[in-house]
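Structure first, commentary second.
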Amino acid sequence: MSDVKSEQPAVNMGNWISKSWDLVFSDLGNFILITLLYVVINAVVSGTIIGIFLVAGPLTVGYFISIAKKIRGEKLEIGDLGKGFQYFAAAFLSSIVISIFVSIGFIFLIIPGIVISALYMFTPLFIIEQNLDFWSAMEASRKLAQPHIFELSVFMVLLFIISMIGVLLCGVGVLIATPICFTAVTLAYNALTGKNIAAV
């Protein structure tokens, strides 16, 4: 039993991205619809810093909830975006703290920012899966990511490139790139934790 526990799960970035691509295109219309709502709401509240954090954190958790359900074979539902507000305190505070950490990291020659982003990428999923407070979820994400930090940092760069391609395609590509990136992160979480995250 101890030997099994000591084995590190495999990091397979190509597989995660490939599967996320297939999943998104298998239900592209619904993914575009829910992503459009996600993007529009974030754009509307982006006028103030407080507005961004008050809404963006919980909304992102809700977006992950919808992705987790889809991976489990359930239907994408727009109403799932609002479920992130059930975790408002943790989502709100983690969004602020991670943004501060990542911003500081990018000040120091970019690479630390990428590494910090990789360390905390699973925070929303731990909030959903274990209903943790913001710091416990961040720590859980850090501990999960740290043994694979080089590979996951490369993974973050790949997701950034996918996002940028989406932006360059007249902005419309964002509606496809965003769910691909979120789905890939969720698949990575499932692979590294060895379980399929339970949808809310």
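Every read-out reported here was derived from the displayed coordinates using simple, explicitly stated rules and does not represent laboratory data. These numbers were taken from a predicted model, which means no experiment stands behind them. Ideal geometry is used to build each Cβ from the backbone, glycine not excepted, and the neighbour counts take in all protein chains shown.
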Hey, can you list the DSSP H helices of the chain whose Cα span along the axis is 18 Å or longer and whose average Kyte-Doolittle score is at least 0.0? 13-26, 28-45, 49-71, 88-107, 149-168, 174-193
Just from its helices, what would the mean residue ellipticity at 222 nm be for the chain, if runs of 4 or more DSSP H residues each count -39500 (n - 2.57) and the sum is divided by every residue, rounded to the nearest 500 deg cm²/dmol? -24500 deg cm²/dmol
Per-residue Cβ neighbour rank within 10 angstrom, fewest leading, Tyr189, Tyr120: Tyr120, Tyr189
Taking the Cβ of each residue in Asp27, Asp22 as the centre, tally the other Cβ atoms inside 10 Å and list the residues starting with the fewest. Asp22, Asp27
Calculated P(r) tail over 25 Å for the chain, as whole % of Cα pairs: 32 percent
Rg/Rg_ref, the stretch 125-200, where Rg_ref = 2.2 N^0.38 Å and atoms are Cα: 1.23
Springs between alpha-carbon pairs under 10 angstrom, Gaussian network model over the chain: which of Val157, Val61, Val172 fluctuates most? Val172
